[in-house]
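The block underneath contains the structure these notes are about, expressed in structure tokens.
Read-outs: derived from the displayed coordinates by stated rules, not from any lab. Note that the structure is predicted; figures quoted are calculated from it, not measured. Heads up, the Cβs are rebuilt from the backbone with ideal geometry, glycines too, and the neighbour counts pull from every protein chain shown.
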Amino acid sequence: MRHHRLVTALVSSAALAGVSVVPASAHEPVPSGAPITVEMTGAQEAPGPGDPDGHGTAMLRLNPGLEQVCWTLEVTGIAPATAAHIHLAPAGSPGPVVVTLSAPTSGMSSGCADVHRDLVRDIIDNPSAYYVNVHNADHPAGAVRGQLG
């Protein structure tokens, strides 16, 4: 219960303060931090269905010292993406957005977002409580999803 209250407070704070998203340049090095690579599929979307032909990979770098989450998203087999996020929820359940990512509108996106260090640490410590998904017009609740742990 304490974990849920902490994350709820962090999500509320992020929503009130705004979370900035900064696109990564091709010349910028990927910041150091805890790496997580996730395979995304339409079958993992909850509630489903996601796109049955959709597949993707989310490569994340979580750095609490820099208060930053960086990502590279690659998707195939879906209509053009309209949004991408990290959400708080276990496998099989939908949940609130905790980090906004840039949508891979042409199949790929990358960038970094400033995120409170407590949230970054919680994602590192409890990856199975979070997931990445990519949305599109055909699947507004999510075309592909991948649980972080």
Quiz item: So if we plug the beta-carbon distance of D53 and E74 into 1/(1 + (r/R0)^6) with R0 = 22 Å, what FRET efficiency do we get, rounded to 0.05?
Solution: 0.90
Quiz item: Once both labels are modelled 7 Å past Cα along the beta-carbon direction, what's the A141-N126 spacing in nm?
Solution: 2.3
Practice problem: Counting other beta carbons within 10 Å of each Cβ, put R117, R61, R145 in order, fewest first. | Solution: R117, R61, R145
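So between S93 and A34, what do we pick up on full extension, going 0.36 nm a residue minus the alpha carbon distance?
Length gained between S93 and A34: 18.8 nm.
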